[in-house]
Amino acid sequence: MPDTELDDASRTPLPPGGLALVATPIGNMDDFSPRAVATLAGAEVILCEDTRVTQKLLVRHGLSIPLRPLHDHNEDDEIPGILVKLRSGAKVALVSDAGTPLVSDPGFRLVRAVIEAGLPVTGIPGPSAAVLALTLSGLPPHPFMFQGFLPPRAGPRQAAIARIKAMEQAGLSATLIFYEAPHRVAETLAALIEGLGPERPAALARELTKRFEEVRRGTLASLLAGAESDPPRGEVVLLLGPPEDAGQGAEDLDAALLAAMAGMSLRDAAASVALAQGLPRKAVYARALELARENPRTD
Ligand code: SAM
């Protein structure tokens, strides 16, 4: 198709004084769109996690653009200077080492500050391990809930899994997506089994878009057995299908609340059911209020 003015304009969408979030490859370096290259070429500065990683990408595309590190530890300090640059009309791009910026990567605080300052922000879409893993997993694609990394330490991880269980008991029925470091996969699978049971449908997607791309599908228990006998190497996404008895939890909660509300005040009923089912008290109280409205007492 011949180049037109419209094509050119649509390739370099970054307006002066704007921030562009540019997705980069998650393994296969050919997964970098012409629009992404053009946007980086038009930027005055590129914010990135590791300048060495981004420099390689620039060299590959024959670009020479100043790089400035932006990571969790300096993001707040960097924001005022970046806003000054944007206000003076500079075009700024943000990339991460791999995949889509902000997705378990830095940039959220910057994007929020740019929006609050009323400055333009745009994005060049591209790879994200979470979405590719979801589509390859064979698990229901929606609704899905992206969880990112679970806490690495056992206690906080257990608490995070307990919160997921509470949400499921309250009716959440979604495919869950986790990022995980390869050396922690087996211990995370074991923690998920302890919290959510061994029979949950699950998938483990590793080295996506790379030479040793592999998707293992099964139950949490079978994936754990596989991870022990043949530890997955490289980068890994873990996915859990919705619980088989999804919705059952919500019905159980309503039934327990209605029974409790027949014999005690709404506040006490909510507190006792929350305690009995290990659910957050606030959420149970909110549901009790809804039930009271739907089922007004006649006495
Ligand atoms: N921003 C990235 C994205 O959009 O996917 C994610 C960055 S996060 C710091 C890195 C994690 O993403 C890895 O630990 C792994 O869980 C997952 N990941 C990244 N690349 C991957 C790949 N090629 N295959 C499988 N998982 C990958």
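The values are calculated or read from the model by the stated rules, or taken from the named source; none is laboratory data. For clarity, every value in this text was computed on a predicted model and none was experimentally measured. All Cβ positions, glycine included, derive from the backbone under ideal geometry; neighbour counts span all protein chains shown.
Of everything in the stretch 26-84, what is among the hydroxyl-bearing types (Ser, Thr, Tyr) and either exposed (fewer than 12 other Cβ atoms within 10 Å of the Cβ) or assigned to a strand (DSSP E or B) (or both)? Give them in sequence order. Once the filter is applied, which keeps residues that are among the hydroxyl-bearing types (Ser, Thr, Tyr) and either exposed (fewer than 12 other Cβ atoms within 10 Å of the Cβ) or assigned to a strand (DSSP E or B) (or both), the stretch 26-84 yields only Ser64.
The single residue among Leu266, Leu224, Leu275, Leu208 that is more than 20 Å from the chain's Cα centre (by Cα), more than 20 Å from Ala174 (Cβ to Cβ) and assigned by TED's automatic domain parsing to the domain that holds Met145 turns out to be Leu224.
Can you tell which of Ala292, Ala227, Ala250, Ala271 is assigned to a helix (DSSP H, G or I) and modelled with pLDDT under 85?
Values: Ala292 fails: modelled with pLDDT under 85; Ala227 fails: modelled with pLDDT under 85; Ala271 fails: modelled with pLDDT under 85.
That would be Ala250, the only listed residue that is assigned to a helix (DSSP H, G or I) and modelled with pLDDT under 85.
I'd like the full set of residues that are more than 7 Å from the ligand (Cβ to nearest atom) and either in a loop (DSSP other than H, G, I, E, B) or not assigned by TED's automatic domain parsing to the domain that holds Val84 (or both), limited to the stretch 103-113.
Residues satisfying the conditions are Pro106, Gly107.
How many residues does the stretch 199-213 contain that are surrounded by 15 or more Cβ atoms within 10 Å (Cβ to Cβ) and out of contact with any Phe, Trp or Tyr (no Cβ under 9 Å at 6 or more places or on another chain)? Talk me through it step by step, then tell me what you get.
We begin by selecting, within the stretch 199-213, every residue surrounded by 15 or more Cβ atoms within 10 Å (Cβ to Cβ); these are 200-209, 213.
So of that shortlist, the ones also out of contact with any Phe, Trp or Tyr (no Cβ under 9 Å at 6 or more places or on another chain) come out as 200-205, 207-209, 213.
Residues that pass the stated criteria total 10.
Residue count for the stretch 52-102 under the criterion of being away from the ligand (no atom under 16 Å from the Cβ) and touching a Lys or Arg at 6+ places or on another chain (Cβ under 8 Å): the result is 4. The number of residues in the stretch 254-274 being closer than 12 Å to Leu291 by Cα and touching a Lys or Arg at 6+ places or on another chain (Cβ under 8 Å) comes to 3. Restricted to the stretch 157-224, the set of strands (runs of 3 or more DSSP E) holding at least 1 residues that are small (Gly, Ala, Ser) comprises 201-206, 214-219. If you scan the stretch 157-201, which residues turn out to be within 15 Å of the ligand (Cβ to nearest atom) and within 17 Å of Thr135 (Cα to Cα)? Answer for the stretch 157-201, where residues must be within 15 Å of the ligand (Cβ to nearest atom) and within 17 Å of Thr135 (Cα to Cα): Leu176, Ile177, Phe178, Tyr179. The number of residues in the stretch 119-140 being away from the ligand (no atom under 15 Å from the Cβ), touching a Leu at 6+ places or on another chain (Cβ under 6 Å) and over 30 Å from Leu83 (Cβ atoms) comes to 1.
Residue-wise test of (1) buried (at least 18 other Cβ atoms within 10 Å of the Cβ); (2) not in a loop (DSSP other than H, G, I, E, B); (3) not polar (S, T, N, Q).
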residue: Ile115; (1), (2), (3): no, yes, yes
residue: Gly118; (1), (2), (3): no, no, yes
residue: Thr122; (1), (2), (3): no, yes, no
residue: Pro141; (1), (2), (3): no, no, yes
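Please verify whether Gly241 is surrounded by fewer than 19 Cβ atoms within 10 Å (Cβ to Cβ) and of a type outside the set (Lys, Arg), treating the condition exactly as stated.
No: the conditions fail for Gly241.
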